[in-house]
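Visitor: Take this structure, written in structure tokens, and hold onto it; I'll ask about it next.
The values are calculated or read from the model by the stated rules, or taken from the named source; none is laboratory data. Everything numeric in this text was worked out from a predicted model, so none of it was measured. Cβ placement follows ideal geometry from the backbone for every residue including glycine, while neighbour counts extend to all protein chains displayed.
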Amino acid sequence: MLLCCDIVSNSHWNQLHYRSMESDYQTRWEVLPAAPAEYLSTTDLHPLIAQLLYNHGVKISEIEPFLAADRRLAGNPFLLSDMAQAVSRIYKALLAGERIAIYGDFDVDGITATASLAEGLSWLGGKVTLYIPDRLQEGHGLRLPAIEKLRDQGIDLIITVDCGVTSLAEAKQAREIGIDMIITDHHMPLETLPQAIAVIDPKRKDSGYPFRDLAGVGVAFKLLQALFHKDSREKSLMGFLDLVALGTVTDVVPLVGENRYLVKEGLKVLNNTTRVGLQEMVRLARLELGKLDTESISWVLGPRLNTASRMDHAATSYRLLTTNSLEEAQQLAAKLEEKNAERQRLTSGVLNKVKEKLTTKMHLPLLMEGDESYPVGVIGLVAGKLVDEFCKPAIVINLGSELCRGSARSIPQFNVAAALEQCQDLLTTFGGHPMAAGFVAACQNLGELEERLMSSAANQLSHLDLRPKLLIDAEVPLSVFAGDIFSLIQQLEPFGQSNPRPTFLTRKVEVVERRNFGNQNKYLELRLKQGDITWRAVSFDAQRAQEESPSYIDIVYKVEKNFWGGEEVLDLNLLDFTHS
């Protein structure tokens with residue numbers, strides 16, 4: 001099957017196009033290669049849909065289950081290493097009336113995992129205590145003072161969620177003071193596993209589980225499935241999938257494999273959620289139940305839930321997710337809304353300070369900057385914005401009198417978690433993912449740490465072109481969207497990490513109207529015409545909003561559904577454009 005006439009011929013597929021801007025970080029446009037004829041001819045799908053699947057690495061044999069995103073993608077929880085031991089120990093605790101503590105991380109993944117497991121164990125009659133550490137005072141991972149505090153409260157068993165797999169010393173000390181521990185986590189283990197009754201992590205080298213990329217809340221959900229195996233209430237666990245979707249999407253794990261199934265079903269639950277806290281948060285954020293998608297989580301709900309731990313304590317978000325009181329839900333949602341606005345202002349201020357101090361260091365392969373005035377709660381957000389703007393790994397550090405806390409964000413070409421592991425002799429604690437990690441270190445070690453990380457980044461990145469790059473799925477005329485192609489594209493949902501919303505390139509589009517809008521007119525709206533079709537297009541790039549628009553432009557964009565005047569319309573979200 002050949003590509004239909006609406007899709008531009010293969011001569012353009014491998015072109016690289018550079019935006020003509022006076023900047024050291026000009027964005028490259030790279031159109032992905034055309035799918036082989038064999039791939040296109042094997043499926044009855046519209047050729048553009050087949051091209052998108054090929055771009056996302058979906059093999060021919062995987063197309064049907066990928067699109068269905070049904071239960072076939074879910075793995076047997078007992079294939080996770082140590083699952084049987086965990087279930088046995090938990091049921092022993094339940095039968096003996098032992099007190100169980102859930103030790104959860106403070107981000108959205110951690111609090112949704114904590115809430116899911118706490119509610120599930122309560123269904124089984126468990127006596128559950130919660131412990132969510134303070135981001136600012138304790139940081140990620142297990143802490144011995146917290147373990148000792150739980151022991152003094154009469155806790156017999158600790159179950160971790162979204163943390164613990166690298167906490168070797170703390171797990172050993174817990175065993176020594178007589179506390180059993182079950183660790184559930186999804187971070188990369190070290191060569192040695194913690195001493196615990198069970199260590200459940202799909203990234204274990206000896207794991208037989210078919211999918212490695214579950215979020216922490218996904219692993220907690222698998223533990224619940226194992227606990228309720230053949231229980232009459234097993235189907236009721238599907239009610240936790242709103243929490244699973246929130247944690248999975250916010251933690252930016254790949255939305256492929258089992259995560260597609262969990263998030264797809266989770267969005268259905270979320271859009272009909274009975275959790276009054278979520279209902280109130282959706283209302284205050286001016287969203288609408290029934291119309292929530294992964295982007296609603298990524299850009300609106302997730303950041304608000306994360307704000308609690310960044311500005312205060314994660315307990316606020318946990319209570320919002322679990323309260324049955326409408327009055328309390330209204331108070332908590334309002335508090336998060338207020339804190340989120342404060343967090344946005346704080347992040348913007350710190351980002352400006354960091355960029356000013358980095359002015360003379362922009363030539364370096366890794367951006368690293370620290371100050372005692374940088375709040376721990378926003379340094380990760382600032383590092384992420386630096387990566388987005390400059391396409392380099394970035395580390396932002398809060399300097400204390402003796403210890404400093406750093407938050408790192410990276411690019412696909414540099415595994416920052418592995419780089420930190422190579423420097424673990426300089427670190428008090430560390431952990432994370434290839435593109436997001438954190439650490440605590442003695443301030444006196446910062447100089448050597450920076451030297452080693454800079455050397456590692458130079459060795460791995462010096463030969464690469466790190467200018468920002470836009471990967472384009474297909475070059476098409478605007479007329480391709482006149483039919484039902486957008487509805488067909490929606491079959492690829494849920495969109496997210498490793499399965500992004502498709503990006504398109506259209507050349508020689510006429511600009512028939514332009515206007516600026518938004519606060520200080522920093523956004524740009526264009527009316528674009530090609531042939532007989534006119535589209536509304538919006539750019540949220542403040543710099544582009546100030547530039548003049550030529551009569552004809554080439555555009556890179558995503559097609560999105562919006563609601564105007566109560567009607568559903570399709571708009572173009574402009575990512576970039578240049579003179580035709």
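Visitor: Name the single residue that is farthest from SER410 (Cα to Cα) among those in region 446-498 being of a type in the set (Phe, Trp, Tyr) and buried (at least 16 other Cβ atoms within 10 Å of the Cβ).
Guide: So the first thing to find is which residues in region 446-498 are of a type in the set (Phe, Trp, Tyr), and the list is 481, 486, 495.
Checking which are buried (at least 16 other Cβ atoms within 10 Å of the Cβ) leaves us with 481, 495.
Working: PHE481: 35, PHE495: 21 Å.
So, considering only residues that are of a type in the set (Phe, Trp, Tyr) and buried (at least 16 other Cβ atoms within 10 Å of the Cβ), the one farthest from SER410 (Cα to Cα) is PHE481.
Visitor: Let me ask something additional. Could you tell me whether any residue of region 393-414 is under 26 Å from the mean Cα position of the chain (by Cα), surrounded by fewer than 16 Cβ atoms within 10 Å (Cβ to Cβ) and closer than 30 Å to ILE555 by Cβ?
Guide: Filtering region 393-414 down to residues under 26 Å from the mean Cα position of the chain (by Cα) leaves 393-398, 404-414.
Okay, now just the ones that are also surrounded by fewer than 16 Cβ atoms within 10 Å (Cβ to Cβ), so 412-413.
After this cut, where a residue has to be closer than 30 Å to ILE555 by Cβ as well, the list is 412-413.
Yes: one or more hits.
Visitor: If you don't mind, another one. Search region 29-42 for residues being surrounded by fewer than 17 Cβ atoms within 10 Å (Cβ to Cβ) and of a type outside the set (A, V, I, L, M, F, W, C), and hand back the single one that is modelled with the lowest pLDDT. Steps first, answer last, please.
Guide: Initial filter on region 29-42 (surrounded by fewer than 17 Cβ atoms within 10 Å (Cβ to Cβ)): 30, 33, 36-38, 41-42.
Now drop any that are not of a type outside the set (A, V, I, L, M, F, W, C), which leaves 30, 33, 36, 38, 41-42.
Numbers: GLU30: 95, PRO33: 96, PRO36: 95, GLU38: 92, SER41: 90, THR42: 87.
Across region 29-42, the extreme among qualifying residues is THR42.
Visitor: Right, another one. Tell me, please, whether a residue that is under 16 Å from ARG89 (Cβ atoms) and either modelled with pLDDT of 95 or more or of a type in the set (Gly, Ala, Ser) (or both) can be found in region 199-209.
Guide: Residues of region 199-209 under 16 Å from ARG89 (Cβ atoms): 199-200.
Okay, now just the ones that are also either modelled with pLDDT of 95 or more or of a type in the set (Gly, Ala, Ser) (or both), so 199-200.
Looking for residues that are under 16 Å from ARG89 (Cβ atoms) and either modelled with pLDDT of 95 or more or of a type in the set (Gly, Ala, Ser) (or both), one finds at least one in region 199-209, hence yes.
Visitor: Determine whether ALA50 is at pLDDT 95 or above, assigned to a loop (DSSP other than H, G, I, E, B) and under 30 Å from the mean Cα position of the chain (by Cα). Before the answer, list the steps.
Guide: Numbers: at pLDDT 95 or above: yes; assigned to a loop (DSSP other than H, G, I, E, B): no; under 30 Å from the mean Cα position of the chain (by Cα): yes.
Criteria not met by ALA50.
Visitor: Restricting region 422-445 to residues that are free of Cβ contacts under 8 Å to residues at least 24 places away in the same chain and out of contact with any Leu (no Cβ under 8 Å at 6 or more places or on another chain), which is surrounded by the most Cβ atoms within 10 Å (Cβ to Cβ)?
Guide: Across region 422-445, the extreme among qualifying residues is GLN424.
Visitor: Pick from ASN340, ASN324: which is touching a helix residue (DSSP H, G or I) at 6+ places or on another chain (Cβ under 6 Å) and of a type outside the set (Asp, Glu)?
Guide: On the way: ASN324 fails: touching a helix residue (DSSP H, G or I) at 6+ places or on another chain (Cβ under 6 Å).
Testing whether each residue is touching a helix residue (DSSP H, G or I) at 6+ places or on another chain (Cβ under 6 Å) and of a type outside the set (Asp, Glu) leaves just ASN340.
Visitor: Within region 193-225, can you find the residues that are crowded, with 19+ Cβ neighbours inside 10 Å and charged (D, E, K, R)?
Guide: ASP201, ARG204, LYS222
Visitor: Return the residue satisfying two criteria in turn: it lies in region 229-242 and is in contact with a Phe, Trp or Tyr (Cβ under 8 Å, 6 or more places away or on another chain) and not in a helix (DSSP H, G or I), and of such residues it is surrounded by the most Cβ atoms within 10 Å (Cβ to Cβ).
Guide: The residue in question is HIS229.
Okay, residues lined up against (1) under 22 Å from LEU470 (Cα atoms); (2) in the same structural domain as VAL416 (by TED's automatic domain parsing); (3) in contact (Cβ under 8 Å) with a residue 60 or more places away in the chain:
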residue: LEU346; (1), (2), (3): no, no, no
residue: GLY349; (1), (2), (3): no, no, no
residue: LYS353; (1), (2), (3): no, no, no
residue: LEU364; (1), (2), (3): no, yes, yes
residue: GLU372; (1), (2), (3): no, yes, no
residue: GLY377; (1), (2), (3): no, yes, yes
residue: GLY384; (1), (2), (3): yes, yes, no
residue: ASP388; (1), (2), (3): yes, yes, no
residue: PRO393; (1), (2), (3): yes, yes, yes
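Visitor: When the residues of region 439-483 are filtered to those that are touching a helix residue (DSSP H, G or I) at 6+ places or on another chain (Cβ under 7 Å) and assigned to a strand (DSSP E or B), which remaining residue is farthest from ASP162 (Cα to Cα)?
Guide: In this case the residue turns out to be GLU475.
Visitor: Which of the strands (runs of 3 or more DSSP E) contained wholly in region 76-192 include at least 1 residues that are surrounded by 22 or more Cβ atoms within 10 Å (Cβ to Cβ)? Even if it seems obvious, please write down each step before you answer.
Guide: Values: elements: 99-104, 127-131, 157-161, 180-184.
Counting at least 1 such residues, we get 99-104, 157-161, 180-184.
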